[in-house]
Amino acid sequence: MKPQVITLHINGRTHNIALSPNLTLLTVLRDLGYTDVKCGCEKGDCGACAILLNGVAVNSCLVLAWQADEGEIITAAGLGTIENPHPLQTAFSDAGAIQCGYCTPGMIISAKSLLDQKPHPTEAEIRDAISGNLCRCTGYAQIVQAIQSAAEKMADGGEG
Ligand code: FES
Ligand code: FES
């Protein structure tokens, strides 16, 4: 297949990439080194590969990379830094919402998307927002607690 050149803006960095048009965005992101984007099922079932594309949470395994040409992409790692983590990143750590960590980036992206739309979600809304993200380890209670805690901190004036 003939390669095409696309431009992706990822976590504030611009990449011009020649690629085969059949590659998924998930594959391209991981090949570029954004390995916080996890590869689980590769068919839209687990949410491990979730990212924000132009502000919308999507499973990157279901998007062909060329479809994201000129897109603004944020991965979970791009939400904060070690020195200045996002409240969701801090809350997941503090609440013990991370065990193996494989689901965590996708969970945080789904939570960020929810809080962008609903800064004060109910528990039911949180559970609904992460219903496409599978976690084999935590039983979800600490994850819900982490998102509630981050929402409260952000409402108190923390960064969002
Ligand atoms: S790897 Fe994309 S949804 Fe599972
Ligand atoms: S922490 Fe292991 S899958 Fe969620």
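Annotations for the structure displayed:
- Magnitude of the charge dipole, region 54-160, Cβ model with Lys/Arg +1 and Asp/Glu -1, debye to 20: 360 debye
- Accessible carbon and sulfur surface of the chain relative to its total accessible area, %, 1.4 Å: 50 percent
- Accessible area per residue, Å², region 4-78 with all protein chains present, probe 1.4 Å: 45 Å²
- Of K43, K153, K112, the residue with the largest accessible area leads and the full order is K43, K153, K112 (1.4 Å probe).
- Full-stretch length increase - R13, D156 - with 0.36 nm per residue and alpha-carbon distance subtracted: 48.5 nm
- Mean accessible surface per residue for region 79-155, computed with a 1.4 Å probe while every protein chain stays in place, in Å²: 51 Å²
- Most to least accessible of R127, R13 (protein chains only, probe 1.4 Å): R13, R127
- FRET efficiency for the D128 to T35 pair, using the beta carbon distance and R₀ = 35 Å, is estimated at 0.80.
- Three-way shape label, region 1-79, alpha-carbon gyration tensor, a/c 1.5: oblate
- The mean sequence separation of alpha-carbon pairs under 8 Å and at least six residues apart, normalised by the residue count of the chain, gives a relative contact order of 23 percent.
- Rounded to the nearest 5, the antiparallel percentage of DSSP beta bridges internal to the chain is 80%.
- Each of L29, A151, I98 was placed along the dipole of the chain (beta-carbon charges, centred on the mean Cα), and the one lying farthest toward the positive end is L29.
- Helix 104-117 and the longest principal axis of the C-alpha atoms of the chain enclose an angle of approximately 80°.
- Long-range amide H partners of T24 with built H, under 5 Å: A65
- For the chain: rounded, prolate or oblate by the Cα gyration tensor [a/c cutoff 1.5]: prolate
- Centre-to-centre, using Cα atoms only, region 126-160 and region 61-123 are separated by 10 Å.
- Applied to region 120-126, the Karplus parametrisation 6.51 cos²θ - 1.76 cosθ + 1.60 on θ = phi - 60° returns per-residue 3J(HN,Hα) values of 10, x, 7, 4, 4, 5, 5 Hz, with x for Gly and Pro.
The values are calculated or read from the model by the stated rules, or taken from the named source; none is laboratory data. Values in this document were obtained by computation on a predicted structure and should not be read as measured data. All Cβ positions, glycine included, derive from the backbone under ideal geometry; neighbour counts span all protein chains shown. To get the accessible areas, we keep the full protein, side chains included, count just its heavy atoms, and leave off ligands, DNA and RNA. Shrake-Rupley method; radii C 1.70, N 1.55, O 1.52, S 1.80 Å.
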